Amino acid sequence: MGPEGVLAGLRVVEVSAFVAVPLGGMALAQFGADVIRVDPLGGGLDFGRWPVTPDGISLYWAGLNKGKKSITVDVRSERGRDLIRRLVTAPGSPGGILITNLNPKWLRYEILKESREDVIVVSLLGNPDGSIAVDYTINAASGFPQITGNGDGPVNHVLPAWDIAAGNQVALAVLAALIYRNHTGEGQYVELSLADVAFSNLGHLGFIGEVVVNNEDRQAYGNYVFGSFGRDFATGDGKRVMVTAFTSRQWQSLVDATETSEAFSDLETRSGLDLSDEGARFTAREEISAILEPWFASRPLERVRQILDAHRVCWGPYQSFRELVERDPRIRANPLFEEVEQPGVGRYPAPGPAPVFGAVGRLPVRPAPSLGEHTRSVLKKHLQLGDGELTSLSDAGVI
């Protein structure tokens, strides 16, 4: 018997597309849950989403569905819909769990509850009123594009941060509802929205309080870190590095590494600021940068690396995706990644879950399934369908 994860035995049905819910389902699968992704015949909305291989296979879909089972069903037919409802509510514990961001009317919680009283449905919406929204529209409304860059117009970033945060909230909601069910025997409908995930985090990080309490609207500061000292610098060989000094110890390490103690003492005398205070460092960010720029500009990246590492400065190089993949030991020599054989794609490094559980360790990284790979085996196992009925469903175009 192979290793089992901390969620071994948990069964989750996923009806989803794009990032957030597939990511939440994958997180559960990588912890050992039996996650069954349901797609329409021929693939769902995200089955061919970029990036794709030269043969048109979606690396995006493969990346977000690692470790799951895949079934395909004609979701427009009543027979197909009935199969999915039965799969969600099939007996066995812990099961009876659906995660979705598509929210079809025929999979409503009230309908599922008629067949299984303790069913759990976690539903992700765009906006809390049910209207459509995606990461890009939520981020546009969040205020962040207005302070990204140098303030000469909104700048979109390419990381789907709110989708990622929402995906983790979906997984957390499943586990919280499951713990509640274990204590009370009761299932429930759990609703969250992409907008609420994003805007609650604005509140957590102080952006809302900054407006309401301080009557200030955050401005764009380029690559400076707000409220402390952090900035990018060019090295002598044309590379760029990001350097931060959030704590007084980090600040002293940076001063020692760059041998600028005297220059900063003079700056404190002229400005009346105590640079051991991070707020003061933000106030004097331009003067600090002017002192540090020549040091970085006179040294190639490798020499900068040696000196900063020797003094335990908090810093990192700017690098492309290719440089990260080909050179960075956090990819190349990290047990988080394993070479997997992905059907239709080939071999490439794929990550497992970031947490490492001391009791069970990490499970081996499993590739994403081929579309519909497990349709027959899942329906046979969980719905006890015989070969004849499966053949009938196939002949009718339901599976």
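The values are calculated or read from the model by the stated rules, or taken from the named source; none is laboratory data. In this text, all values refer to a predicted model and were calculated from it rather than measured experimentally. Ideal geometry is used to build each Cβ from the backbone, glycine not excepted, and the neighbour counts take in all protein chains shown. Please note that ligands, DNA and RNA were not included when accessible areas were found on the heavy atoms of the full protein model with its side chains. Shrake-Rupley method; radii C 1.70, N 1.55, O 1.52, S 1.80 Å.
Looking at the chain alone, DSSP beta bridges between its own residues are antiparallel in about 45 percent of cases. To the nearest ten degrees, helix 194-204 and the longest principal axis of the Cα atoms of the chain are 30 degrees apart. For the chain, the relative contact order comes to 19 percent (Cα pairs under 8 Å, sequence separation of at least 6).
Rolling a 1.4 angstrom probe over segment 249-371 with all protein chains present gives an accessible area of which 51% lies on carbon and sulfur atoms.
Identify which of Val360, Val73, Val134 has the largest mean-square fluctuation in a Gaussian network model of the chain, with springs joining Cα atoms closer than 10 Å. Comparing Val360, Val73, Val134 in the GNM, the peak value goes to Val360. Here the Karplus relation 6.51 cos²θ - 1.76 cosθ + 1.60, evaluated at θ = phi - 60°, turns the backbone of segment 292-301 into coupling constants of 7, 3, x, 4, 5, 5, 9, 9, x, 4 Hz, with x for every Gly and Pro.
Counting only alpha carbon atoms, the long axis of helix 78-89 and the longest principal axis of the chain meet at about 70°. Taking the C-alpha atoms only, the angle from helix 161-184 to the longest principal axis of the chain is near 50 degrees.
Principal axis extents of the Cα atoms in segment 166-206, from largest to smallest and rounded to whole angstrom, are 37, 16, 13.
Each stretch of four or more DSSP H residues adds -39500 (n - 2.57); spread over every residue of the chain, this sum gives -12000 deg cm²/dmol at 222 nm. Normalised by the number of residues in segment 55-199, the mean separation of alpha-carbon contacts (under 8 Å, six or more apart) gives a relative contact order of 25 percent. Length gained on full extension, His204 to Glu216: 2.6 nm, using 0.36 nm per residue less the C-alpha separation. Each Cα pair under 8 Å and six or more residues apart adds its separation to the average, and for segment 265-372 the resulting relative contact order is 12 percent. With only the Cα atoms considered, segment 189-272 has a convex hull volume of 194 Å³ per residue. For the chain, what is one quarter of the convex hull surface built on the Cα atoms, given in nm²? If you wrap the Cα atoms of the chain in a convex hull and average its projections, you get 24.5 nm². Out of residues 5 or more away from Leu385 or on other chains, whose amide H comes under 5 Å of its own, with H placed 1.01 Å from N in the peptide plane? Amide H neighbours of Leu385, under 5 Å, 5+ apart: Lys380.
Positive end of the dipole of segment 129-215 (Cβ unit charges, origin at the Cα centre): among Val211, Trp162, Asn139, the Cα lying farthest that way belongs to Trp162.
In terms of accessible area, using a 1.4 Å probe and ignoring ligands and nucleic acids, Arg116, Arg347, Arg270, Arg79 rank largest first as Arg270, Arg347, Arg79, Arg116.
Computed over the Cα atoms of segment 1-70, pair by distinct pair, the Kirkwood hydrodynamic radius stands at 12.5 angstrom. Excluding ligands, DNA and RNA, the accessible surface per residue across the chain is 52 Å² with a 1.4 Å probe. Extent along the principal axes, Cα only, for segment 159-314: 67, 39, 27 Å, with the longest axis given first.
Qualifying chymotrypsin sites (Phe, Trp or Tyr not before Pro) in segment 188-248, where qualification requires a DSSP coil assignment and no more than 15 other C-beta atoms within 10 Å, comprise Phe226, Phe246.
Here the average projected area of the convex hull drawn through the C-alpha atoms of segment 225-372 stands at 12.5 nm². The Rg/Rh ratio for segment 27-120 is 1.00, where Rg is the radius of gyration of the alpha carbons and Rh is the Kirkwood radius.
Note on segment 248-295: along the principal axes its Cα atoms extend 23, 21, 16 Å, ordered by decreasing extent. Counting only Cβ charges, +1 for Lys and Arg and -1 for Asp and Glu, the dipole size of the chain around its Cα centre is about 1260 debye.
DSSP finds beta bridges in segment 1-157, and of those with both partners inside it, around 5 percent are antiparallel.
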